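Asker: One structure coming up, written as structure tokens, with questions to follow.
The values are calculated or read from the model by the stated rules, or taken from the named source; none is laboratory data. Quick caveat: nothing in here was measured; it's all calculated off a predicted structure. Positions of Cβ are generated from backbone atoms using ideal geometry, with glycine treated the same way; all protein chains shown enter the neighbour counts.
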Amino acid sequence: MKAKEYLQQAFHLDKRINSKLEQLESLNALATKASSTLSDMPKSPNRGTSRLEDTIVKIIDLQEEINRDIDRLVDLKREIVEIIKQVENKELQALLEKRYLCFETWEEIAVDMNYSIQHIFRLHSKALDDVQLKLRVDVIERE
């Protein structure tokens, strides 16, 4: 896996978690809007589970899925931090942390580090080269 792809995993997982949280919010809103219709007519004993129960089951399933994704994100960020720590240049470490752990834009990073965007891109390229070397070393050590 290329360094950039490896580092971007946390960003993509974070986006998926946020999407699922929005879905959860929508399901919760539906559940609170659900109301039963009162009637004198007897209910059918064969009737399946209610829509509200179905919605609650979906909410619980989605919450569990979100919790698993959050656990994975925490583990992934921990792995990324360990790889970034292996980059010797502290400036490159800061750039990588801002981009791949804090999800800052290039403009925010450039302003914060007081560099032009072009220079940030040059530093980023160098940082990715360093990370790629670290990833190769990790793979070799695991074998």
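Asker: Out of region 61-119, which residues are out of contact with any Asp or Glu (no Cβ under 7 Å at 6 or more places or on another chain), under 30 Å from residue 27 (Cα atoms) and of a type in the set (A, V, I, L, M)?
Answerer: 62, 66, 70, 74, 76, 101
Asker: Now for a different question. Residue check: is residue 85 exposed (fewer than 13 other Cβ atoms within 10 Å of the Cβ), over 18 Å from the mean Cα position of the chain (by Cα) and under 30 Å from residue 21 (Cβ atoms)? Steps first, please.
Answerer: Numbers: exposed (fewer than 13 other Cβ atoms within 10 Å of the Cβ): yes; over 18 Å from the mean Cα position of the chain (by Cα): yes; under 30 Å from residue 21 (Cβ atoms): yes.
When the stated conditions are applied, residue 85 passes them.
Asker: Here is a list: 56, 60. Which entry is at pLDDT below 95, surrounded by fewer than 15 Cβ atoms within 10 Å (Cβ to Cβ), of a type in the set (A, V, I, L, M, F, W, C) and assigned to a helix (DSSP H, G or I)? Spell out how you get there, then give the answer.
Answerer: Numbers: 56 fails: surrounded by fewer than 15 Cβ atoms within 10 Å (Cβ to Cβ).
The match here is 60.
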